[in-house]
Amino acid sequence: MADREIQGETGRKIAARRDAALIAVISIAAAIICVKLDLSEALLGWTRFHERLQLDELPALLLVVACCLAWFSARRYREARDQLVMRRAIEARLAESLAENQRLAQQYVDMQEYERKALARDLHDELGQYLNVIKLDAVSIRDAASTGNDVAGNAARAVIENVDRIYGLVSSLIRQLRPVGFDELGIAAALENCINDWRARLPEAVIELSIDSGFDDPNEIRALALFRLVQEALTNVARHSRATRVDIRVARIRRSETQEFIEVSIVDNGRGADLKAPHTGLGLVGMRERVAAFGGSLTLASACGAGFQVMASMPVPNQLMTERSA
């Protein structure tokens, strides 16, 4: 961006010098022509027969008009310059506001993931522990009542069944709040487990996951954003796409010596969607905000009956690139 601005400023200076040189050349050429042709005497001879029309005063009139036009141009130039300065100031404030919004979005995502992690830990450590105790007590009651007390045995079995349902619900909530295997094995293992869950939910669809060998992201929040992106895309496939095949690719691509990006693509062969039509859901908006919080971009491509493509690109900070290379 800075290089383009410098090049643009240099180009404007060169154009101004070229125009000034052109004006000087035209003025010198006009002076030479006037001297060679004695233009003033010629004009005097041509207008002598029309003295009553006062045509000999025309040069002075044209000089006044030229001075007025120069004044008018100078006024418009100053106004345009002031407008340009004001516009640049507004653009600078807008850029600051966008950067602030991006920072706030980043903090919101960080806080959200922290709260999810804390809630998942509490559900697992506290509620899960008490559920296990209740189940053990119910099993003891069932075993003690197996000698002949059918009422107590049935009640104990009912308690065990209810505890199993609640425990399954708690486990599902924990998986939604915190990816399984993420803290222990990293983002690649968490994505593999997520895809396996979706394969069970969508048996009619073939879901393929491709992750570059050795792929990892040391930034926990960005890795979680990547996971949520894939999760939301698969949710949209389940709700709207009716696809029979979904291809997911996660890669870390170096575009230059100083620029490296994490790129994600989710492509399905479903019924697609009209991207120009208004959408009331927040799924795509949330995906775009998550990617934008890390300075990335989200691109959507679709047409009715032609499937849906989600392509995200998130830059990797230079510091992390240095650490990875080391």
For K135, the lysines lying under 29 Å Cα to Cα, once residues fewer than eight places off in the same chain are dropped, come out as K117
For 287-294, 258-265, ranked highest to lowest by mean beta-carbon neighbours within 10 Å, the order is 287-294, 258-265
Can you tell me which of 184-197, 75-88 comes out highest on packing, and rank the rest after it, using the mean Cβ neighbours within 10 Å?
184-197, 75-88
Using only the Cα atoms of the range 77-146, what semi-axes does the equivalent ellipsoid have when each is the square root of 5 times a gyration tensor eigenvalue? Give whole Å, largest first.
65, 7, 4
DSSP beta bridges in the range 207-265: the antiparallel percent, rounded to 5, is 55
Compute the Rg/Rh shape ratio of the range 240-292: radius of gyration over Kirkwood radius, all on alpha-carbon atoms.
1.07
Accessible surface, per residue, of the range 118-258 when the full set of protein chains is kept, probe 1.4 Å, Å²:
57
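The values are calculated or read from the model by the stated rules, or taken from the named source; none is laboratory data. All values reported here derive from a predicted model rather than from experimental measurement. We place every Cβ from the backbone using ideal geometry, glycine too, and count neighbours over all the protein chains shown. When the accessible area is computed, the model is the full protein with side chains, heavy atoms only, and any ligands, DNA or RNA have been set aside. Shrake-Rupley method; radii C 1.70, N 1.55, O 1.52, S 1.80 Å.
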